[in-house]
């Protein structure tokens with residue numbers, strides 16, 4: 001990674017660093033071909049809809065750090081999502097047996113005065129107040145469009161007051177306008193956390209650090225632990241729902257891998273450079289083939305290639321009969337998959353094993369690092385499919401749902417409600433769904449069967465809900481606006 | 001004690017300190033965006049960074065006990081999603097393109113352009129782009145004067161109505177006898193807005209009025225266009241919406257009355273209905289007759305719950321941390337109708353200074369309790385917790401943010417009645433009107449006697 005500028009204050013955007021694209025529509029084959037030739041173009045849309053920004057991931061993720069106080073150095077609205085985030089925080093904590101409490105957040109509540117005269121004074125007051133009120137081990141400072149445009153020097157302010165504040169202050173540079181690729185926000189968040197990770201003392205030679213996003217919850221962690229424990233590998237989850245002393249000691253592990261290569265991309269490279277921790281970033285362990293792939297890569301980090309083969313063999317034999325049962329019930333069905341691309345492609349691999357045809361697979365952004373290898377794998381295993389890459393963009397989904405008429409949406413929070421509104425039943429993969437590993441394959445396979453057996457909710461809703469688009473739109477090319485008038 | 005707390009921002013005053021812990025509102029942009037979504041058929045068009053729409057939509061909708069709102073919410077909302085280059089080169093072209101492509105793609109009765117921080121800071125001339133569009137197209141369009149830092153989401157609600165009045169509504173109009181508008185219930189910020197608007201509408205229809213709730217019904221833009229035809233505007237809020245009603249009086253000559261706090265239970269609701277009737281010249285006896293059955297029925301349910309109330313919650317101390325509208329309604333009902341004792345009422349919606357005395361009066365005068373509550377205006381969640389710790393409450397009526405705190409630190413029962421509400425689902429639920437008090441007791445007794 002020649003262009004990876006580590007240790008700078010501000011992480012480069014994904015577009016700059018990985019040539020990430022946020023607008024593509026076409027076949028999987030075309031995407032692979034263009035990617036290999038290096039001619040994927042960064043494009044915009046002539047029409048765009050509300051989506052996520054680079055500030056959301058840092059706010060959302062740092063809210064899940066145990067004991068943290070999140071400071072939004074922003075106008076009041078940028079942290080408005082916290083009620084929603086509190087719901088996920090509650091769920092995540094509950095599943096891990098942690099005491100239930102509120103997310104602690106302070107907004108610097110920038111007003112017209114600060115926009116003219118600068119807001120760093122407000123920030124300093126907020127940090128001091130957070131420290132006095134809650135005595136937290138860590139305080140994360142989230143920047144915003146407004147603080148970025150007025151040019152507040154957040155780092156200088158933090159350095160000025162850090163000596164008088166007990167908590168470690170972590171500034172996260174994540175102005176919402178910096179990147180159309182939401183994962184830039186992950187990079188900003190994890191880059192900030194690296195600031196508190198200490199030099200390793202003694203290495204825990206059998207422990208792997210596994211990066212896990214909010215959307216892959218506790219039941220999935222249990223399955224991964226079950227499989228790795230069989231060959232004597234311990235797991236340390238990172239970075240959510242864990243306390244700061246665990247985060248500080250993150251570098252003591254023998255290796256690092258990830259349940260979401262989209263999330264961990266920047267972090268691993270900086271982590272390796274700083275602390276010499278080797279890493280592997282296989283696709284998400286969903287379905288048999290990708291779980292095998294993931295386990296082999298993870299085991300290899302600790303030199304346990306041979307031991308893991310036995311586990312894989314046993315598990316295959318164990319789940320095969322039940323998987324065949326599920327497969328019979330799903331024969332000939334068509335699915336639309338809608339998540340970030342790392343998750344979509346892994347679920348697509350499971351669907352291949354369940355005998356379901358994927359007609360469209362969605363990603364919110366694409367880069368070769370986590371996209372190319374699984375796409376090439378899938379290309380050889382299934383007939384061609386459409387890939388839709390967009391920072392959400394519901395109008396394109398609506399068109400594709402209508403054009404492809406899938407039997408089921410394999411999707412999450414982002415697309416789920418929308419498929420229902422067009423009469424397509426959803427087999428949801430939500431923050432409480434179990435879908436990874438071998439047991440997860442069975443569990444989620446059964447979920448799909450259930451969703452297909454009774455689609456009445458989707459059918460009812462679709463008859464009574466009107467979508468806002470003109471009817472002509474549904475006969476147009478769904479990707480018509482990509483690269484048009486892109487300013 | 002209360003006095004060593006950092007003083008937080010106060011409306012219309014230079015703030016001592018800006019900072020706010022776990023705020024209970026969003027920005028004007030957020031308020032205007034949810035208000036737009038709450039009128040059917042309107043197309044909100046966001047001129048903001050990429051994430052402002054989502055953040056505010058999911059924040060305000062999830063925070064008001066809901067899952068979704070409107071026909072064009074969340075990912076469906078057109079947004080210019082401004083990036084770094086637009087900050088350098090300006091975002092007007094991006095907005096122009098967005099308006100044209102939205103018109104190409106979407107059916108909409110009214111386009112509502114809602115800007116956030118970025119265009120205000122870089123100086124985009126949104127008015128010009130909107131006027132250009134208006135000149136060339138038939139689709140009606142208005143432009144709300146929001147940004148991220150010119151006030152809170154309550155003001156955003158008022159700015160939305162301002163834009164409607166200034167840019168959409170035309171005069172002269174013929175006044176329609178018996179038509180009234182309800183103003184002052186802000187979608188989402190008032191967590192019971194859906195149920196309360198329906199119930200207030202139903203209540204006023206009992207006395208023969210035609211009610212325009214403006215938000216939340218199926219009539220869409222028609223409910224906006226009907227606003228000037230009203231014979232009377234009813235502001236159901238001790239402060240919010242008064243300026244809107246003033247403006248409507250100036251522009252269309254519509255008189256208005258203010259209901260100081262949500263009418264909860266038969267007693268307050270009867271007063272409310274009589275006040276409205278008086279203003280419209282409806283004879284008192286006619287109203288008495290129209291609402292007799294409702295009152296009887298409400299007290300029948302009151303009878304059902306009386307034993308439980310007496311055994312479980314007689315003479316209970318309770319504290320409230322809620323918006324002024326809800327705080328007044330619930331406090332008056334629980335004291336005057338149920339015999340409970342209010343210790344402290346914390347007002348969390350930051351009313352303008354000039355309105356605070358009247359809010360205080362409604363909470364301390366004509367209250368049948370041996371004690372009068374302390375009334376404190378505070379919007380910072382940490383400070384609210386500190387204040388609550390000073391009072392021995394059996395019941396805390398607050399937001400979801402007081403839930404764990406009430407159980408762990410106060411050993412008090414907790415019911416979510418104010419924003420943010422993310423521990424209950426609220427669709428048709430209402431505490432207003434003749435039966436609203438019964439609903440409140442139902443929820444409260446459920447926490448008391450059957451929490452397991």
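The values are calculated or read from the model by the stated rules, or taken from the named source; none is laboratory data. Here the structure is a predicted model, which is why all the values come from computation and not from measurement. Cβ atoms come from the backbone with ideal geometry, glycine included; neighbour counts cover every protein chain shown.
For the stretch A:331-348, enumerate the residues that are surrounded by 19 or more Cβ atoms within 10 Å (Cβ to Cβ) and not in a loop (DSSP other than H, G, I, E, B).
Taking the stretch A:331-348 as the starting set, the residues that turn out to be surrounded by 19 or more Cβ atoms within 10 Å (Cβ to Cβ) are A:335-348.
Passing the criteria: A:335, A:336, A:337, A:338, A:341, A:342, A:343, A:344, A:345, A:346, A:347, A:348.
Being on the phi < 0 side of the Ramachandran plot and surrounded by fewer than 21 Cβ atoms within 10 Å (Cβ to Cβ), is that true of even one residue in the stretch B:183-193?
Of the stretch B:183-193, the ones on the phi < 0 side of the Ramachandran plot are B:183, B:185-187, B:189-193.
Checking which are surrounded by fewer than 21 Cβ atoms within 10 Å (Cβ to Cβ) leaves us with none.
No, the stretch B:183-193 has no match at all.
Which residues, counting only those in the stretch A:417-442, are under 15 Å from residue A:462 (Cβ atoms) and free of Cβ contacts under 8 Å to residues at least 40 places away in the same chain?
So the first thing to find is which residues in the stretch A:417-442 are under 15 Å from residue A:462 (Cβ atoms), and the list is A:417-426.
A:417, A:418, A:425, A:426, listed by residue number.
Pull up the stretch B:57-82, narrow it to residues that are closer than 21 Å to residue B:403 by Cα and more than 7 Å from chain A (Cβ to nearest Cβ), then point me to the one that is farthest from the chain's Cα centre (by Cα).
Of all residues in the stretch B:57-82, those closer than 21 Å to residue B:403 by Cα come to B:58-67.
The next check asks that each one be more than 7 Å from chain A (Cβ to nearest Cβ); those that pass are B:61, B:64-67.
Working: B:61: 12, B:64: 10, B:65: 13, B:66: 14, B:67: 17 Å.
Restricting to residues being closer than 21 Å to residue B:403 by Cα and more than 7 Å from chain A (Cβ to nearest Cβ), the top hit is B:67.
Considering each of A:328, A:319 in turn, give the residue that is over 27 Å from the mean Cα position of the chain (by Cα) and surrounded by 17 or more Cβ atoms within 10 Å (Cβ to Cβ).
Details: A:328 fails: surrounded by 17 or more Cβ atoms within 10 Å (Cβ to Cβ).
After applying the criteria, what remains is A:319.
With respect to the numbered conditions (1) within 21 Å of the chain's Cα centre (by Cα); (2) at pLDDT 85 or above, which one is the sole condition not fulfilled by residue B:9?
(2)
I need the full set of residues from the stretch A:75-101 which are within 8 Å of chain B (Cβ to nearest Cβ), out of contact with any strand residue (DSSP E or B) (no Cβ under 6 Å at 6 or more places or on another chain) and crowded, with 21+ Cβ neighbours inside 10 Å, in order please.
A:80, A:81, A:83, A:84, A:86, listed by residue number.
Which condition does residue B:106 not pass, out of (1) more than 7 Å from chain A (Cβ to nearest Cβ); (2) crowded, with 20+ Cβ neighbours inside 10 Å; (3) more than 27 Å from residue A:115 (Cβ to Cβ), if it passes all the others?
Going through (1) more than 7 Å from chain A (Cβ to nearest Cβ); (2) crowded, with 20+ Cβ neighbours inside 10 Å; (3) more than 27 Å from residue A:115 (Cβ to Cβ) one by one, residue B:106 breaks only (1).
Tally up the residues in the stretch B:32-57 that are surrounded by fewer than 24 Cβ atoms within 10 Å (Cβ to Cβ) and closer than 21 Å to residue A:56 by Cβ, please.
Count: 0.
So which residues in the stretch B:50-92 are in a loop (DSSP other than H, G, I, E, B) and either at positive phi or assigned by TED's automatic domain parsing to the domain that holds residue B:428 (or both), if there are any at all?
B:65, B:70, B:81, B:90
Just to check your reading of the model, which residue among A:149, A:106 is buried (at least 21 other Cβ atoms within 10 Å of the Cβ), without any contact (Cβ under 8 Å) to a residue 40 or more places away in the chain and at the interface with another protein chain (Cβ under 9 Å from one of its Cβ atoms)?
Values: A:149 fails: buried (at least 21 other Cβ atoms within 10 Å of the Cβ).
When all the criteria are applied, what remains is A:106.
Give just the number: which of (1) at pLDDT below 95; (2) more than 27 Å from the chain's Cα centre (by Cα); (3) more than 14 Å from chain B (Cβ to nearest Cβ) does residue A:466 not satisfy?
The one condition residue A:466 does not meet is (3).
With (1) away from every other protein chain (no Cβ under 11 Å); (2) touching a helix residue (DSSP H, G or I) at 6+ places or on another chain (Cβ under 7 Å) as the list, and residue A:69 as the residue in question, which single condition is left unmet?
Result: residue A:69 fails condition (1) only.
Return a yes/no flag: does the stretch B:98-110 have any residue that is closer than 26 Å to residue B:247 by Cβ and at pLDDT 95 or above.
Restricting attention to the stretch B:98-110, the residues satisfying the condition of being closer than 26 Å to residue B:247 by Cβ are B:108-110.
Of the ones still in play, those that are also at pLDDT 95 or above are B:110.
Within the stretch B:98-110, one or more residues are closer than 26 Å to residue B:247 by Cβ and at pLDDT 95 or above.
Given (1) facing chain B (nearest Cβ under 10 Å); (2) surrounded by fewer than 24 Cβ atoms within 10 Å (Cβ to Cβ), where does residue A:53 come up short, assuming only one miss?
Unmet condition: (2).
Tell me whether the stretch A:472-481 contains one or more residues that are closer than 25 Å to residue A:286 by Cα and in contact with a strand residue (DSSP E or B) (Cβ under 8 Å, 6 or more places away or on another chain). Break it down stepwise before answering.
Going through the stretch A:472-481, the residues closer than 25 Å to residue A:286 by Cα turn out to be none.
Within the stretch A:472-481, not a single residue is closer than 25 Å to residue A:286 by Cα and in contact with a strand residue (DSSP E or B) (Cβ under 8 Å, 6 or more places away or on another chain).
Listed residues B:133, B:111; which is crowded, with 24+ Cβ neighbours inside 10 Å, more than 30 Å from residue B:352 (Cβ to Cβ) and more than 11 Å from chain A (Cβ to nearest Cβ)?
Working: B:133 fails: crowded, with 24+ Cβ neighbours inside 10 Å.
Testing whether each residue is crowded, with 24+ Cβ neighbours inside 10 Å, more than 30 Å from residue B:352 (Cβ to Cβ) and more than 11 Å from chain A (Cβ to nearest Cβ) leaves just B:111.
In a helix (DSSP H, G or I) and either more than 7 Å from every other protein chain (Cβ to nearest Cβ) or within 12 Å of residue A:47 (Cα to Cα) (or both), is that true of residue B:95? Before the answer, list the steps.
Working: in a helix (DSSP H, G or I): yes; either more than 7 Å from every other protein chain (Cβ to nearest Cβ) or within 12 Å of residue A:47 (Cα to Cα) (or both): yes.
Spelling it out, residue B:95 is indeed in a helix (DSSP H, G or I) and either more than 7 Å from every other protein chain (Cβ to nearest Cβ) or within 12 Å of residue A:47 (Cα to Cα) (or both).
Please specify each residue of the stretch B:13-39 satisfying the condition of being assigned to a helix (DSSP H, G or I) and either modelled with pLDDT under 95 or more than 7 Å from every other protein chain (Cβ to nearest Cβ) (or both).
Of the stretch B:13-39, the ones assigned to a helix (DSSP H, G or I) are B:28-37.
If the condition is that a residue be assigned to a helix (DSSP H, G or I) and either modelled with pLDDT under 95 or more than 7 Å from every other protein chain (Cβ to nearest Cβ) (or both), then B:28, B:31, B:32, B:33, B:34, B:35, B:36, B:37 are the ones that fit.
Check whether at least one residue in the stretch A:349-364 is part of a helix (DSSP H, G or I) and in contact with a strand residue (DSSP E or B) (Cβ under 6 Å, 6 or more places away or on another chain), and report yes or no.
At the first step, the residues of the stretch A:349-364 found to be part of a helix (DSSP H, G or I) are A:349-354.
Subset that is in contact with a strand residue (DSSP E or B) (Cβ under 6 Å, 6 or more places away or on another chain): A:350-351.
The answer is yes; a qualifying residue exists.
Tell me which of these residue B:42 doesn't satisfy, since it passes every other one: (1) in contact with a strand residue (DSSP E or B) (Cβ under 8 Å, 6 or more places away or on another chain); (2) at pLDDT 95 or above; (3) at the interface with chain A (Cβ under 7 Å from one of its Cβ atoms).
In the conditions (1) in contact with a strand residue (DSSP E or B) (Cβ under 8 Å, 6 or more places away or on another chain); (2) at pLDDT 95 or above; (3) at the interface with chain A (Cβ under 7 Å from one of its Cβ atoms), residue B:42 misses (3) alone.
Suppose we keep only residues that are part of a helix (DSSP H, G or I) and in contact with a strand residue (DSSP E or B) (Cβ under 6 Å, 6 or more places away or on another chain) within the stretch A:13-34. Which one would you say is surrounded by the most Cβ atoms within 10 Å (Cβ to Cβ)?
A:31
Name the residues in the stretch A:154-185 that are away from every other protein chain (no Cβ under 14 Å), in a helix (DSSP H, G or I) and buried (at least 19 other Cβ atoms within 10 Å of the Cβ), would you?
Answer for the stretch A:154-185, where residues must be away from every other protein chain (no Cβ under 14 Å), in a helix (DSSP H, G or I) and buried (at least 19 other Cβ atoms within 10 Å of the Cβ): A:154, A:158.
Give me the helices (runs of 4 or more DSSP H) completely within the stretch B:319-415, filtered to those with at least 3 residues that are in the same structural domain as residue B:444 (by TED's automatic domain parsing) and more than 30 Å from residue A:108 (Cβ to Cβ), ordered by residue number. Walk me through it before giving the result.
Numbers: elements: B:324-332, B:356-364, B:381-388.
Passing ranges, in order: B:324-332, B:356-364.
Checking residue A:287 against (1) on the phi < 0 side of the Ramachandran plot; (2) in contact with a helix residue (DSSP H, G or I) (Cβ under 7 Å, 6 or more places away or on another chain); (3) surrounded by 22 or more Cβ atoms within 10 Å (Cβ to Cβ), which single condition isn't satisfied?
Residue A:287 satisfies all of (1) on the phi < 0 side of the Ramachandran plot; (2) in contact with a helix residue (DSSP H, G or I) (Cβ under 7 Å, 6 or more places away or on another chain); (3) surrounded by 22 or more Cβ atoms within 10 Å (Cβ to Cβ) except (1).
Is it true that residue A:442 is in a helix (DSSP H, G or I), surrounded by fewer than 24 Cβ atoms within 10 Å (Cβ to Cβ) and either modelled with pLDDT of 95 or more or touching a helix residue (DSSP H, G or I) at 6+ places or on another chain (Cβ under 8 Å) (or both)?
Working: in a helix (DSSP H, G or I): yes; surrounded by fewer than 24 Cβ atoms within 10 Å (Cβ to Cβ): yes; either modelled with pLDDT of 95 or more or touching a helix residue (DSSP H, G or I) at 6+ places or on another chain (Cβ under 8 Å) (or both): yes.
Judged against the criteria, residue A:442 is a match.
Within the set of pairs 6 or more residues apart or between chains, which connect a residue that is within 21 Å of residue B:438 (Cα to Cα) inside the stretch B:337-358 to a residue that is in a helix (DSSP H, G or I) and modelled with pLDDT under 95 with Cβ atoms less than 7 Å apart?
The qualifying pairs are B:338/B:309; B:340/B:313.
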